[in-house]
Amino acid sequence: MIKDELLFLGLLRESPKHGYEIKRKIREILSVFTGVELRSVYYPLQTLEKKGLVVKHAAKSGRRPQRFTYELTARGRERFEQLLEESLLKLNRPQFSLDLSLYFLHYIDPAVAKRRLNARIYMLKKLIKAVRQAIQTQEAGTDPSLKPILRHDLQMVETEGRFLSQLVKTFR
């Protein structure tokens, strides 16, 4: 829940939002760049509300049904800053789906392994191109939040590509 807390409190730190706005931002922006995926936004919001970190306001406009806006409390702002600082200092080993496959790589015929790794390198090159384009798009944009994520992703993908290229060379 700590990662979810950081996510929700951070989004509400920007401005008060409806649950749907939070869900849309996670789905359209954050999940693309950070891999964050959530099934529900309302349960975590309810939990944060019970903890006194957010407050829910009801509003009705015309014939539309009543909508709720969630806003960060002072306690929520303090918790967000605490979580952000802790998160920046927490060192977890990155987990890559590839690592498990590499562990069992010796069970695959070397020719098949080489083809599969070359296919992965090809996909990584396409991903590198897409991330570079996204970086150029962000350079022209006004949202500075995604720039460091994109640069970090680019370096990680380029590093994996170099590693796999060296690994493929070991299959003669």
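The values are calculated or read from the model by the stated rules, or taken from the named source; none is laboratory data. From a predicted model like this one, the values you see are computed outputs, not experimental measurements. Neighbour counts run over all protein chains shown; Cβ positions are idealised from the backbone, glycine included.
Worth pointing out:
- Residue tally, condition closer than 16 Å to VAL54 by Cβ, assigned to a helix (DSSP H, G or I) and at pLDDT below 85, over region 26-42: 1
- Matching residues in region 103-129 - criterion: being surrounded by 11 or more Cβ atoms within 10 Å (Cβ to Cβ), part of a helix (DSSP H, G or I), of a type in the set (A, V, I, L, M) and without any contact (Cβ under 8 Å) to a residue 12 or more places away in the chain: LEU105, MET123
- From LEU105, LEU48, LEU84, LEU72, residue being hydrophobic (A, V, I, L, M, F, W, C), assigned by TED's automatic domain parsing to the domain that holds VAL157 and modelled with pLDDT of 90 or more: LEU105
- Just one of (1) out of contact with any Ser or Thr (no Cβ under 8 Å at 6 or more places or on another chain); (2) closer than 30 Å to VAL131 by Cβ fails for TYR43. It is (2).
- The lone exception for ALA134 - which of (1) loosely packed, with under 14 Cβ neighbours inside 10 Å; (2) at pLDDT below 85; (3) in a helix (DSSP H, G or I) it fails: (1)
- Only a single criterion out of (1) exposed (fewer than 12 other Cβ atoms within 10 Å of the Cβ); (2) over 29 Å from LEU11 (Cα atoms); (3) at pLDDT below 90 is not satisfied by LEU98, namely (1).
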